[in-house]
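To keep things clear, I will list the structure first and then write my remarks on it.
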Amino acid sequence: MSSLTDEAREWLDGLGFEVINPDLWLEALTHGSTGAARKYERLEFLGDRVLGLSIAEWLYRNSTGSEGELAQRLNALVSRLSCAKVARTIGVPAHVLLGKQARDDGAADSDNVLGDIMEALLGASFLESGFPATRDKVHNLWQPVIEGRAGRSKHPKSALQEWAAGNQRKPPEYKLVGRSGPDHAAKFTVRVSVRNVGEVEATANSKQDAETEAARQFMERYG
């Protein structure tokens, strides 16, 4: 079995993570393409919940927005794109363990992979250091994202839904019209249409992101 390298441990230490069980952190950085018995999925499952609660608490304590506004910001701040952005900022791509084909396919810079591993690292931190320390780490790492515009403006799909209703049109319809690429770097193409108005197609790393981008482009073109 592989072991956590000295370089990876120094990197984690430099970020302020407490590395007690190196095998746990190795698991958090290991992609399934390596064929390893232990890979990041279980830790990602845990870290996703830790991240959600950490951000939800921060929003509750530091925002006066309504429940709907809090939910909108939460969804934006814990999205795959936000997680991948934080992962790139702290240098995750250099430490991801991938099989040769996945690395050749560009998985080290995939939003899907980086977002998942970022959550896996939070899962490992929770197991090693507990919730309070991991929550503080989330608040620190996510501060630039929290202070940005993520989730502050109306979501494109909500904006399109309201636009259609306000113009006496039927609700927008979303249809998945294409999927390409390997699982770890899949691309989804979605078409959104409003009857008697028009349609737009957009491609992204997830079906949800493709729907959002299609709605945004639709509003730019027809709204």
Find the percent of Cα-Cα distances in the stretch 42-109 that exceed 17 Å, and round it to a whole number.
55
Which whole number in µm²/s is D for the stretch 63-201 by Stokes-Einstein, with the Kirkwood Rh taken over Cα pairs at 10 °C and 1.306 mPa s?
90
When the helix-only estimate is applied to the chain (DSSP H runs of n ≥ 4, each -39,500 (n - 2.57), divided by the residue count), what is the mean residue ellipticity at 222 nm, nearest 500 deg cm²/dmol?
-17500 deg cm²/dmol
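State which helices in the chain qualify, where a helix is a whole DSSP H run, it must extend 24 Å or more along its own axis by its Cα atoms, and its mean Kyte-Doolittle hydropathy must be at least 1.0.
Length and hydropathy pass: none found.
My understanding is that a pair violates if its Cα-Cα distance is over 22 Å; which of 100/207; 85/187; 100/137; 157/207; 39/175 do that in this structure? If you can, show how the numbers build up before the last one.
Values: 100/207 27 Å; 85/187 18 Å; 100/137 32 Å; 157/207 13 Å; 39/175 33 Å.
Over 22 Å apart, Cα to Cα: 100/207; 100/137; 39/175.
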For the chain, report the accessible area per residue in Å² (1.4 Å probe, heavy atoms, rounded to an integer).
53
Tally up the carbon and sulfur contribution to the accessible surface of the chain as a whole percent, 1.4 Å probe, everything protein left in place.
48
SASA check, residue 31, accessible area w/ 1.4 Å probe, all protein chains in place, rounded to nearest 10 Å², comes out at 20
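The values are calculated or read from the model by the stated rules, or taken from the named source; none is laboratory data. Predicted model only: the values in this text are computed from it and were never measured. Surface areas here come from the heavy atoms of the whole protein model, side chains and all, with no ligands, DNA or RNA. Shrake-Rupley method; radii C 1.70, N 1.55, O 1.52, S 1.80 Å.
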